[in-house]
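To start, the structure under review is shown below, and the notes come after it.
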Amino acid sequence: MEAILLQLFNGLSLGSILLLIALGLAITFGLMNVINMAHGELIMIGAYAAYVVQLLFLTYLPEGMFSWYFIFALPASFLLAAFFGWLLELSVIRHLYGRPLDSLLATFGAGLILQQLARTIFGAPNVGVQSPTFLAGTIEIFTLSIPASRLFILLLVAACVGFMFYYFYKTKSGMRIRAVMQNRKMASSLGINTRRVDSTTFAIGAGFAGVAGTVLTLIGPIGPTLGTAYIVDAFMVVVVGGVGMLIGTVASALGIGMFNTIFEYVTNASMGRVLVFILIILVLQWRPNGLFHLRTRSLD
Amino acid sequence: MCFTPSNKALSFVFICFLFTLAACQDGSSDSVEAEDTPADVQEAEDAEDLDEEQIPVGILHSLSGTMAMSETSVRDSELLAIEEINDNGGVLGKELVPIIEDGASDWPTFAERADKLLQEDEVPVIFGGWTSASRKAMQPVVEGHNGLLFYPVQYEGMEASPNIFYNGAAPNQQITPAIDWLMEEKGDDIFLIGSDYVFPRIANQAVNEQVEDAGGTIVEEQYTPLDHTDYNTIIARIREADPDVIFNTLNGDSNVAFFKQLYDAGITADEIPVLSVSVAEEEVQGIGSEVIEGHYASWNYYQSLGTDENIEFVERFQETYGEDRVVGDPIEAGYFMVHLWAKAVEEAGTTDTDEVRKAADGIEFAAPGGPVEINGENQHVSKTVRIGEVQEDGQFEQVWKSDEPVEPDPFLEEYDWASGLSEIVTDED
C-alpha cells in the first residue's frame, strides 16, 4: 500500500515537472502557433539565472541569508528569460508568424546560438547550484516520507497554473491575448494593438520557461545543453493536451507523468518510455487534435 | 497576417543570418576557446602551413554538443603536454603542431574528421575520443589508413585494435577491484544502476559474474536512457530492495539528477553508499559536493594525490587555464598519453605507425597518477587503481589503492569467472 501511494505521488510529481516545462510552451506554441525550438534554451537561461543569483548571494551576503537566494531567483529567471524571449520575438519570430516550418528552423538556430553563448560565458562543464536548506530532506505525510523539494515544486506549479488561468481568463490583457490568438483580424479591427500583444505573449511564455529552469536546478543538471533534455517532453505534453488549450496541457502533463511512473515501475525506465509513446500514439489516433480541442469557425 | 514578397525575403535573410551565426558559433569554438589554450603552442588550421621542422598531430574531441562538457578539458591537457614537449626540444628535434578538430558529439563526424586528419593533414597520430561510440566510429578509419589513435578514457574492455592505444582503465583496472573492495568493506547485496547503452551493460555482465563468483547478490539491475532526469521510481526500487551498496555506471548528466534526487529522498552515504565509475572531479562540481559527499568513485587518478608529479601537473594546469579549473582521471590520461606517444616516437626514431607500435612496448612515464607503462601486447597501459571518497570541498580522498600498477587485462583473461564473457561480447559485435 505504501509503495503504491509513494508511486502515485511520484507520478504526480513527475506530472508537475512536465507541466512546468510545458507551461511556457503552451503559450508560445499552444496559443501563438510558433514551433519554438528554443524553448529548451529559455529554460536553460532560467537555470543559469538561478546560478548567477546564487553566486551573488554567496559573494555579497552573509551565510545565513543564503537559502533565500531561491526566492529571488524565481522572479529574476522569469524576467531574464522573458527579456530573451522578447528579443527573440522582436528579431526573428515576428517575421515568421503563420509560417510554422520556418519558425521551427529559425528558433532551432537561435537555440544553438544561446547554447554556445552559455558555453562561452559559463564554460562547457555543468555548474553546481546548491539547493536552499529549507528544501532539503524529507517531509513525513501520514506514513510517507516525501522529498521536500518535490512537494515545493508541486505547490509552485499549482500556483503558476492558477496564475495563468486567472491571467488569461479574468484579466483584460489576458483576454486581449486570447482574442488576438483566436481571431487576429477581428481583434485588430476592434482596436487591439496586435503587434504589442504578440510580443508580450511571447515574453510571458519565455518567462515561464525561465521559472521552470530555476526549479529544475533543484533536481537536475545545469549546463549549456540542459534544454535539449526537456524539449521533446515539453512538445509532447502540449501536443497531447491539445494545442491552444491550457486545461489540456494540465491534463496531459499529469496523465503522462502518472502513466510514465506506472509503466516504469512495472517494467523499467527504457521500456516505460517506449510504452508511454505507444500510449501517446494511440491517444492521438483517437483524438488527432489532442485531448482538448478548441472549436472555432475560423479557417486556419 | 499577410506576407508581401519583401517581407518574405526579409525573413529569409534573417534565417540565413541566424544560421550563419550558428555556424560561426560552432566553427569558431576553437578560436573562442583558443584564448585559454597555452600561449606558446602554435596551432595550425591544416598541414599546409607547416614546414619540414614541424610534426602535425591531430586532436579530435567534441568541442560542441553534449560531450563538450567533458571533452574540452581533455583537449586542454593534451595541449599542455604538447607545450611541455615543445619546450623541451620537441620530438626528434621537431616541433609538434596540434591540428584541432571538433567531433561535435556526433559519431559520424568523428569518423569523418579522423579521415580528414589522417588523409589531408597526414598526422601520424590522433589524440581523441571519449565515448565508446566515438572510438568505435574512428576505429575503422585509423585501421584503414594505418594511423594511430590514442584514447584517454576508461571503457568496457573486450577490444584490442592494432591502431589504438588505450590509455584509460580496462575493466580490471577500475571495475573489478572496485567490486572486490565494495564486497569486502561495504556488504554483499549490490544494486546495479547504469545508463542504457553499451558500456554499462557490458561492464555489468562482468560484474554479475564476479559478484556471483564471490558469493554476493545482485539485488537488482536497472538501466535508464541517457539524459534520463527523473529517478524517483528508481529510488523507490532502491528503498524496496534495500541493498548494502549501489554500483553506478550512469553516464553524463543523469548522474546529477540521480545524486540530487537520492539526496532529497534522504538516502545518505552512510546508509547506502554509491560507488561510481564515471564521476570525476568535474562531475562532482556539477552535482554539488554537499549532495555527493561521502560517496565513492573508482579511478586511477585524483587531483588530490600528493605526488610531486601531480602537484606540478595541477599547478601547471591551473596556471594555464585558471585557478577554478579542476582535473580528473581522463584529463590526466590525456596528458600522459601525449608524453607516452612522444617517448615511443623518440625510441622508434620515426613517426611511422608500424615502427612506433613496435617501439611502444615497455615505454614508461612518471604520470601524475603514478608510473604508467605501455603493454605492447594489448596496447593498454598498466596503472594504479584507486578508490576515493568525495569530500566536502568536492575533492576525492583516496581510501584504497592497489599496491603497484595493475597490468591491463582488457579481456579479463586472468579471471576464471569471466571465461564466458569475451565470447558473448564478440558474438554481439
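The values are calculated or read from the model by the stated rules, or taken from the named source; none is laboratory data. Remember, it's a predicted structure, so these values are computed and weren't measured experimentally. Quick reminder, even Gly has a Cβ in these numbers, built from the backbone with ideal geometry, and neighbours come from all protein chains shown. Only protein heavy atoms, including side chains, enter the accessible area calculation; ligands, DNA and RNA are left aside. Shrake-Rupley method; radii C 1.70, N 1.55, O 1.52, S 1.80 Å.
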>> Suppose we filter the stretch B:375-412 for residues that are more than 16 Å from B:Gly157 (Cα to Cα) and in a strand (DSSP E or B); how many remain?
In response: 11
>> I need a count of the residues in the stretch A:122-141 that are in contact with an Asp or Glu (Cβ under 8 Å, 6 or more places away or on another chain), open to solvent by 20 Å² or more (accessible area, probe 1.4 Å) and of a type in the set (S, T, N, Q).
In response: 3
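A:Gly123: more than 7 Å from chain B (Cβ to nearest Cβ) and without any contact (Cβ under 8 Å) to a residue 12 or more places away in the chain, yes or no? Reasoning before the result, please.
On the way: more than 7 Å from chain B (Cβ to nearest Cβ): yes; without any contact (Cβ under 8 Å) to a residue 12 or more places away in the chain: yes.
Yes.
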> With respect to A:Ile222, is the statement that it is open to solvent by less than 10 Å² (accessible area, probe 1.4 Å) and touching a strand residue (DSSP E or B) at 6+ places or on another chain (Cβ under 8 Å) true?
Replying inline: yes
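Suppose we filter B:Ser161, B:Ser105 for residues that are assigned to a loop (DSSP other than H, G, I, E, B), in the same structural domain as B:Pro368 (by TED's automatic domain parsing), open to solvent by 10 Å² or more (accessible area, probe 1.4 Å) and under 30 Å from B:Phe247 (Cβ atoms); which single one remains? Even if it seems obvious, please write down each step before you answer.
Values: B:Ser161 fails: open to solvent by 10 Å² or more (accessible area, probe 1.4 Å).
Of B:Ser161, B:Ser105, the one residue that is assigned to a loop (DSSP other than H, G, I, E, B), in the same structural domain as B:Pro368 (by TED's automatic domain parsing), open to solvent by 10 Å² or more (accessible area, probe 1.4 Å) and under 30 Å from B:Phe247 (Cβ atoms) is B:Ser105.
Give the residue that is farthest from B:Pro225 (Cα to Cα), with candidates limited to residues of the stretch B:248-266 that are part of a loop (DSSP other than H, G, I, E, B) and either under 18 Å from the mean Cα position of the chain (by Cα) or of a type in the set (A, V, I, L, M, F, W, C) (or both).
In this case the residue turns out to be B:Ala265.
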>> B:Asp393 - would you say it is of a type in the set (D, E, K, R), modelled with pLDDT under 95 and outside the structural domain of B:Ile99 (by TED's automatic domain parsing)?
In response: yes
> Which numbered condition trips up B:Thr268, out of (1) more than 10 Å from every other protein chain (Cβ to nearest Cβ); (2) open to solvent by less than 20 Å² (accessible area, probe 1.4 Å); (3) closer than 21 Å to A:Ser145 by Cβ; (4) of a type in the set (Val, Ile, Thr)?
Replying inline: (2)
> Of the residues A:Phe277, A:Phe292, which single one is modelled with pLDDT under 90, more than 10 Å from chain B (Cβ to nearest Cβ) and open to solvent by 10 Å² or more (accessible area, probe 1.4 Å)?
Replying inline: A:Phe292
>> If I go through the stretch B:239-252 residue by residue, how many of them are within 19 Å of B:Arg201 (Cβ to Cβ) and either within 12 Å of another protein chain (Cβ to nearest Cβ) or open to solvent by 10 Å² or more (accessible area, probe 1.4 Å) (or both)?
In response: 3
>> Here is a check on your reading of the model: is A:Phe263 crowded, with 19+ Cβ neighbours inside 10 Å, within 12 Å of chain B (Cβ to nearest Cβ) and either among the hydrophobic types (A, V, I, L, M, F, W, C) or in contact (Cβ under 8 Å) with a residue 12 or more places away in the chain (or both)?
In response: yes
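Tell me which residues, restricted to the stretch A:3-62, are part of a loop (DSSP other than H, G, I, E, B), open to solvent by 10 Å² or more (accessible area, probe 1.4 Å) and more than 13 Å from chain B (Cβ to nearest Cβ). Before the answer, list the steps.
First, pick out the residues of the stretch A:3-62 that are part of a loop (DSSP other than H, G, I, E, B): A:32-38, A:61-62.
Add one more test, that the residue is open to solvent by 10 Å² or more (accessible area, probe 1.4 Å), and what stays is A:32-33, A:35, A:37, A:61-62.
Answer for the stretch A:3-62, where residues must be part of a loop (DSSP other than H, G, I, E, B), open to solvent by 10 Å² or more (accessible area, probe 1.4 Å) and more than 13 Å from chain B (Cβ to nearest Cβ): A:Ile35, A:Leu61, A:Pro62.
Is there a residue in the stretch A:230-242 that is over 28 Å from A:Leu96 (Cβ atoms) and of a type in the set (D, E, K, R)?
Step one: list which residues in the stretch A:230-242 are over 28 Å from A:Leu96 (Cβ atoms), which gives none.
Scanning the stretch A:230-242 turns up no residue that is over 28 Å from A:Leu96 (Cβ atoms) and of a type in the set (D, E, K, R).
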>> Tell me yes or no: at least one residue of the stretch B:61-73 is surrounded by 21 or more Cβ atoms within 10 Å (Cβ to Cβ), at pLDDT below 95, part of a helix (DSSP H, G or I) and among the hydrophobic types (A, V, I, L, M, F, W, C).
In response: yes
> Taking the stretch B:292-312 as the region of interest, how many residues are surrounded by fewer than 22 Cβ atoms within 10 Å (Cβ to Cβ) and assigned to a helix (DSSP H, G or I)?
Replying inline: 5
> Is at least one residue of the stretch B:205-214 of a type in the set (Gly, Ala, Ser), out of contact with any Pro (no Cβ under 9 Å at 6 or more places or on another chain), more than 17 Å from B:Leu340 (Cβ to Cβ) and not in a helix (DSSP H, G or I)?
Replying inline: yes
> What about B:Glu122, is it closer than 23 Å to B:Glu143 by Cα and open to solvent by 10 Å² or more (accessible area, probe 1.4 Å)?
Replying inline: yes
> Of all residues in the stretch A:231-246, how many are at pLDDT below 90 and either touching a strand residue (DSSP E or B) at 6+ places or on another chain (Cβ under 7 Å) or open to solvent by 10 Å² or more (accessible area, probe 1.4 Å) (or both)?
Replying inline: 4
>> Please verify whether A:Ile256 is in contact (Cβ under 8 Å) with a residue 60 or more places away in the chain, closer than 30 Å to B:Glu240 by Cβ and within 14 Å of chain B (Cβ to nearest Cβ), treating the condition exactly as stated.
In response: yes
